[in-house]
Amino acid sequence: MMNLTLLAKELVGLRLSIGLVLAIHAIDLTYRCMFGFLDRPEPSGSDSSDGSDSVFSIVILSLLSGVVIGTAMIGQEREHQTLTFLDGLPVSRLSIFIHKALAALMVVLLLEGFSITYDWFFLWLNQDSLSEPIDFRELFAGFVVRTLLTTCVVGGAAFLSFSRKWFPLLLGIVVSLLVWVRTRGGPLSTWLDTSALLLPSVVEGQVVWPVQQMVGHAILGTFGWIFAARAFLHRDGRLTLAIERYADLPVAGYLTAVGYVLAAMVWIGLLFSLANDDEEEVSDRPAVTRAAGEVASTLSDLEQTPPQVDAFGGLQTESFQVIYRRSALARVSTLAASMDAIHEEVMDYFENPDRVSGKIVVDTGALIPSHAAGVTNWTKVRVPLNQEQSNAEFFRTLRHEVGHVYIERISDGQATTHFNAMRVFHEGVATAVELFSEDEETGLEREKVERWAAAVDSRGRIPFPVLCDNETLLRTRDDSVVYPLGYLVADSLVEIGGQSLPRRMMEKLRVLSLPAGSRPSQVWSTLLQQNGTSLEMLTAAYESRLKALRERESVFLEGIPRIQSELTIESDEIVIRAEPVDRADNTAELICRVEMKNVITNELEPVARAADGTFRLPRERISGSRIRFLVGWWTPEVGYPVFEPWVEEKLKER
Amino acid sequence: MVIRGILSKEFYQHRLLLLWLPILITCGWVLFLGMKELMLLGGSQFYNLSWFLWFIFPLFTLLLANSLIADEFRKSTQLFLEGLPVSRFAFLAVKYVIGMLAAVLTALLLVGMTSSTQWNSEGLSLRFALVLWIKTLLWAWFCWAASFALAFLGRYRFIIGFIVVFTLLFVERELEIQVTHFGPFHLIDEQYAYERYEIPMVAIGTTLGIILLLTILGFVFGIVRDATLASMLAEKMSYREKLTMTALVAFVLFVIASVIERQTAAEPLYLPGSVDVSSARVAVSVSAAVSSPTTAEMEALQGHADSMMDHLDEVAEFLNIKNLPKVFLVHRRDFDPDRYELGDLDTRQGVLIRLNAIASAPDGERWLRMAIRSVLLAHQHNRLDSDTRDWVVTGFPIWWLARSDKGRIVQEFAVANSVSQDDASSLSESELVRWRAYKKRVGEERAQLAAGAIMFSLSERAKAEDMRAFLSHVLGYEAPYDFRATIHDYWYSVSSVLRATTGLTLADLVSHLHGTLLPGAVGSGDR
């Protein structure tokens, strides 16, 4: 029997949760109002995001509102000691719980309804005559699945809230488990794929409901609700009393403290595993010439083959401290004899900057991501030795990495602080340092890198404002383009401001202390301006250099294929047919990489070519209804993969 | 003697915490060592350690301070200590020293363990070890001092802690003060695991200063008004208070952040070797994107600067615009005569246009059309580039430059329409409010001519001063860089402004164009 007074009391009890969620929207609205125009997110021309931000905010908002409502549902009664009062009323505990659940559901419906209306308002405000009409079915589908998701979270949070101060830890563990299931793959991960719930799509007028995921989450949420009810009803609230007794124990405070520390560790670990923090991977040099099939680029499958267990040794030259595995002593001794000369070459490139105080550490036995040949962190360089690598290759890599060391040292770490703006500088100048040698082999490598640049440019001009904005660049092209194009930028810098300009720019970056949130082209403009030149001069020099290269390599470029791709779904497999459209080069090997969308990060995964020449991967690997992939080719004349711009398509069937 | 008693009491009371928390922290650190992604990124266990010190260690000191200080005041057990024959300062000092020692020794234990396992594989030298120990010790002390001061703020300690962290993040991102390169934060930044030689004396000095300040602050909180402030603040916060405070603080912080960000002006742009001319309303800066421009190029630049300033000055005066955005023209030798390219500037910085100054005439009509349109767009932060206003900002420069040559544009539009065999000529009233779709349908060139033709239609139908009022209202509006511009544009739509200033409707303009100016053209029915 519905008791309206009780329901009203429960709704009033949840009013602060409603207030909190409304406050979040109010903050968002205030932010939009103060920052720019409500009907234009980016008035000054910078690129808008690819939508992953909105997906992220949906997850956060659903999780947050679910958790707030779930904990407030029962936690408030406990805190105010009002449960005893409720027990005195002529209503059963079951009835109280049902009313609580109903009130929570009504609040969820209200808040999700409000969120959808809020989203619709901004969609409507941003409509113009070229926009697709607002699809109310899509909005409605979004409302349904988000309501389902939040309801599940409320149930789970209500149950976990019985653990009181251990709640953050338990919630962290549950979320970690879900993420673990998701990353582990298999059928369970498909059932519990939350990202498929976030943006349901409408294909040919029909809503594609993620039924499997809805059922999976509904089952999980139902368990949460059942457990919450069980805990609330258990012997008329004995569980609550037992937990209160536990709180009175002398060690309870310490155990709670332990719980907080563990919770922090679990959440940090969780966020880290989700984020993988690819931004930190500042200073790596791409692995030298490799066959296309070997190309990998996700951190999870990256590390080089773990080296055998071996003792470490160290030797010192004038400029370097070399760490090596004892088994590689003979080779390291030979290499070390020439290392100081490498250091001098780098010093020459930068026109004698202040020497690195102490020694640069070269670790030849460390692990690094497998798509890189070397990695630099401040004054430590990791260049693992391997059998296939020639000494010349090792020295080129070392020059590249020491170039990074000097960029970091001269800028006092500011080049990393402004990673988004300076990545192309970092990699470009380091590549220029690597190729700053007059020997024949380096000359040939230089020619390859220049050909690589021409090939990349032939697949679509990348304007400089995009090139110097790493986040925008990665939405447009594959991330390796910063090496050849960055090399040309470094060359152009020398052309407009002399050999010392790269060093002078870093010196200015150190003293200027620009805000970390500065626009990338603004950072470049300021640095060049401060050195008596301008971004315009650089752009002009860079573009004319590219034009000259395109002319020089015209014969080669005419011979390489332009690739067209077609995407279909065949019996639960995504099939990408990549075909050369205008010309066929027998030496060009076709390659493909697919973006694996995570809630927070996007990872690239190479897809092997099947015997029939197509690229296939199981449908279940891609969550949601869209796929982004790169197709390209690899030839020995370039030695590095060259990709067409990103392709984004809707997956039409499930 | 009494001090020894207090020491024993503290050790006895917090024995579990002082024993188990360091052990737990150490276990946590061992777990952290196993984080493969971190190890791959940093290539050093000290890198993992720096992360641990950043994120986990402050929690340890917060818990320590919570137990040693905040709990004491919350449960009012400090009253027993006050009954003893020692000053309040003395028993606070005992707590401070115990906490500091626990924090510092735990941190040093972590470095010691890492160093001992990584001595060979990290090539550890005594100097490197010393640098690491100094940095870690000071960081641990700083964390403790901050937690100590915060602990006296009782139930507001988390909110104030949150405000401090948010403020630091904001300052790091938006202002020219880099928190991560400052004082204690510099000690465990990205260089922590790698800097083997340099002892950061400045950061050490700053950190010591901050530690001293925080310590004094903590003692002041603990002693002031017979510690009643700390006791008062120590009362537990209710659920409602927690939610209200969180929402309130978040809201206020966002508003403050937004206001500060809005006031941060875009960096002004200077081009080296530029020719600058300016008037009261317009500033033009012209330069060559080459290191040593020739005399001919310099003359061409001067010509462009003067011409651009004159034209824009006239436009600004006609439209009652007080200040147009600064215009930067950049000469590019590699550009074809008809190639003009817009640069990537914030509209608050101005407009940058690349062109070949030698090959393109300063008074070229096509060039001036493009330049005037771009400047007017930037003047309203690109808001005129919309469905309803684009025809005005596109048509105005065409009409303005050809106003003495009445009919030419209309004629060109008629010719363009007659050449095309589709129904594109049927420009209708509704297309004036769906200009982007129209532009896509007929193409950029014809849409421009159509906009020009409509403007001529307006000039024929409206009185000169009414037309000027209309254009001034639409194009001369000084759009603020926030939501007010959105509201203005919805409130003052083009059709309502047209009606208010000239008494005409969009339909009048279209029918006049088709009926009078283009008598032979295809009909003007609404699509």
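Some notes on this structure:
- Subset of region A:535-565 (residues that are among the charged types (D, E, K, R) and either within 15 Å of A:W452 (Cβ to Cβ) or open to solvent by 30 Å² or more (accessible area, probe 1.4 Å) (or both)): A:R545, A:K547, A:R550, A:E551, A:R552, A:E553, A:E558, A:R562
- Region A:130-145 - residue that is in contact with a helix residue (DSSP H, G or I) (Cβ under 8 Å, 6 or more places away or on another chain) and open to solvent by less than 20 Å² (accessible area, probe 1.4 Å) and, of those, farthest from A:H217 (Cα to Cα): A:G142
- Scan region B:10-60 for residues that are open to solvent by less than 60 Å² (accessible area, probe 1.4 Å), without any contact (Cβ under 8 Å) to a residue 24 or more places away in the chain and over 30 Å from A:W378 (Cα atoms) and the total you get is 2.
- For region A:336-348, residues that are within 38 Å of the chain's Cα centre (by Cα) and more than 26 Å from A:I410 (Cβ to Cβ) total 0.
- For region B:195-251, a residue qualifies if it is modelled with pLDDT of 90 or more and of a type in the set (S, T, Y), and the qualifying residues are B:T206, B:T207, B:T215.
- Among (1) modelled with pLDDT under 90; (2) farther than 30 Å from A:G413 by Cα; (3) open to solvent by 20 Å² or more (accessible area, probe 1.4 Å) - the single one A:G517 does not satisfy: (2)
- The set of residues in region B:277-298 that are more than 14 Å from chain A (Cβ to nearest Cβ) and either modelled with pLDDT under 90 or open to solvent by 10 Å² or more (accessible area, probe 1.4 Å) (or both) comprises B:V277, B:S278, B:S279, B:A280, B:R281, B:A283, B:T294, B:T295, B:A296, B:M298.
- Pairs are defined by a Cβ separation below 6 Å, a sequence spacing of at least 6 or placement on different chains, a first member in region A:324-352 that is in the same structural domain as A:F436 (by TED's automatic domain parsing), and a second member that is among the aliphatic types (A, V, I, L, M); no pair meets this definition.
- Residues of region A:494-507 satisfying the condition of being free of Cβ contacts under 8 Å to residues at least 60 places away in the same chain and either outside any helix (DSSP H, G or I) or under 30 Å from the mean Cα position of the chain (by Cα) (or both): A:G498
- Verdict on B:T394 being at the interface with another protein chain (Cβ under 10 Å from one of its Cβ atoms), open to solvent by 10 Å² or more (accessible area, probe 1.4 Å), of a type in the set (V, I, T) and in contact (Cβ under 8 Å) with a residue 24 or more places away in the chain: no
- When we screen A:S327, A:S333, A:S297 for residues that are more than 9 Å from every other protein chain (Cβ to nearest Cβ), on the phi < 0 side of the Ramachandran plot and modelled with pLDDT under 70, the only hit is A:S297.
- Reported count of residues in region A:246-266, each being in contact with a Gly (Cβ under 9 Å, 6 or more places away or on another chain) and facing chain B (nearest Cβ under 7 Å), is 3.
- In region A:224-256, the residues that are free of Cβ contacts under 8 Å to residues at least 60 places away in the same chain and aromatic (F, W, Y): A:Y246, A:Y254
- Residue in region A:372-389 that is open to solvent by 40 Å² or more (accessible area, probe 1.4 Å), farther than 21 Å from B:Y197 by Cβ, free of Cβ contacts under 8 Å to residues at least 24 places away in the same chain and not in a helix (DSSP H, G or I) present: yes
- No other residue among B:R333, B:R366, B:R354, B:R408 is open to solvent by 50 Å² or more (accessible area, probe 1.4 Å) and farther than 24 Å from B:Y438 by Cα apart from B:R333.
- Considering residues of region A:434-475 that are within 14 Å of another protein chain (Cβ to nearest Cβ) and either basic (K, R) or open to solvent by 20 Å² or more (accessible area, probe 1.4 Å) (or both) only, the residue farthest from the chain's Cα centre (by Cα): A:R461
- Any chance B:E478 is more than 30 Å from A:T30 (Cβ to Cβ) and either assigned by TED's automatic domain parsing to the domain that holds B:T516 or touching a strand residue (DSSP E or B) at 6+ places or on another chain (Cβ under 8 Å) (or both): no
- Residue match in region A:111-129 (condition: touching a Leu at 6+ places or on another chain (Cβ under 7 Å), under 30 Å from B:L432 (Cα atoms) and either open to solvent by less than 30 Å² (accessible area, probe 1.4 Å) or of a type in the set (S, T, N, Q) (or both)): yes
The values are calculated or read from the model by the stated rules, or taken from the named source; none is laboratory data. From a predicted model like this one, the values you see are computed outputs, not experimental measurements. Quick reminder, even Gly has a Cβ in these numbers, built from the backbone with ideal geometry, and neighbours come from all protein chains shown. Remember, those area values only see protein heavy atoms, side chains included, never the ligands or the DNA or RNA. Shrake-Rupley method; radii C 1.70, N 1.55, O 1.52, S 1.80 Å.
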